[in-house]
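Asker: Starting off with a structure, shown below.
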Amino acid sequence: MARVLFADDDADMRQLAIQLLSRRGHDVVTAGDGTEAIAMLSEIDPALVITDLNMPGEDGYAVCLAVRNSPTLHSIPLVLITALPFGDRRVQQVLAESNVIVVAKTDIVRLPDLTDELVANAA
């Protein structure tokens, strides 16, 4: 299917993402923080980026901006995972500036269906 970059500082979340998405045939590459994710963008050429908002160092917002500012990756789908309420200032800032889909951390089980849909629509 597609190569997916999943960035989260929580190792359990990264492992869960690998399990959920690889069952659907996706090639999941993980990063433990935003800095690592940004460095990997050009190396792995993902079809989709899924990132946690709150991470040490560069956060998910920085990852979203790096994707949107990339000449080659700017149009790929972005999914932001957060435990913050959707009305939070940071979540609203990302939504306004990065054209992302926001998913609550408690809804992570939706990722396989959402990933399939976004990858199919981007093709």
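The values are calculated or read from the model by the stated rules, or taken from the named source; none is laboratory data. Owing to the predicted nature of the structure, the values given are computational and were not obtained by experimental measurement. Cβ: placed from backbone, ideal geometry, glycine included. Neighbour counts: every protein chain shown.
Asker: Given the criterion in a helix (DSSP H, G or I) and surrounded by 20 or more Cβ atoms within 10 Å (Cβ to Cβ), identify the matching residue among Ala17, Ala62, Ala96, Ala39.
Answerer: Going through Ala17, Ala62, Ala96, Ala39 in turn, just one is in a helix (DSSP H, G or I) and surrounded by 20 or more Cβ atoms within 10 Å (Cβ to Cβ): Ala17.
Asker: Taking the stretch 66-105, which residues are modelled with pLDDT under 80 and basic (Lys, Arg)?
Answerer: Arg89, Arg90
Asker: OK, next. Please go through (1) in contact with a Ser or Thr (Cβ under 9 Å, 6 or more places away or on another chain); (2) of a type in the set (Val, Ile, Thr); (3) within 24 Å of Ala123 (Cα to Cα); (4) surrounded by 17 or more Cβ atoms within 10 Å (Cβ to Cβ) for Val91 and return the number of the only condition it doesn't satisfy.
Answerer: Here Val91 clears every test but (3).
Asker: Follow-up. Condition (residue is farther than 16 Å from Val103 by Cβ, in contact with a Phe, Trp or Tyr (Cβ under 7 Å, 6 or more places away or on another chain) and touching a residue at least 12 places away in the same chain (Cβ under 8 Å)) applied to the stretch 41-50: is it met by at least one residue?
Answerer: No, the stretch 41-50 contains no residue that is farther than 16 Å from Val103 by Cβ, in contact with a Phe, Trp or Tyr (Cβ under 7 Å, 6 or more places away or on another chain) and touching a residue at least 12 places away in the same chain (Cβ under 8 Å).
Asker: Quick check: is even one residue across the stretch 24-32 closer than 19 Å to Leu118 by Cα and touching a His at 6+ places or on another chain (Cβ under 9 Å)?
Answerer: For the stretch 24-32, residues closer than 19 Å to Leu118 by Cα and touching a His at 6+ places or on another chain (Cβ under 9 Å): absent.
Asker: Oh, and also: Looking at the stretch 42-57, which of its residues are surrounded by 19 or more Cβ atoms within 10 Å (Cβ to Cβ), touching an Asp or Glu at 6+ places or on another chain (Cβ under 7 Å) and in a loop (DSSP other than H, G, I, E, B)?
Answerer: Selection gives Leu53, Met55.
Asker: Within the stretch 1-53, which residues are acidic (Asp, Glu) and on the phi > 0 side of the Ramachandran plot?
Answerer: Asp45
Asker: Of the residues in the stretch 79-123, how many are touching a Phe, Trp or Tyr at 6+ places or on another chain (Cβ under 7 Å) and acidic (Asp, Glu)?
Answerer: 0
Asker: Considering only the stretch 72-93, state which residues are outside any helix (DSSP H, G or I) and of a type outside the set (Val, Ile, Thr).
Answerer: Scanning the stretch 72-93 gives Leu73, His74, Ser75, Pro77, Leu78, Leu80, Ala83, Leu84, Pro85, Phe86, Gly87, Asp88.
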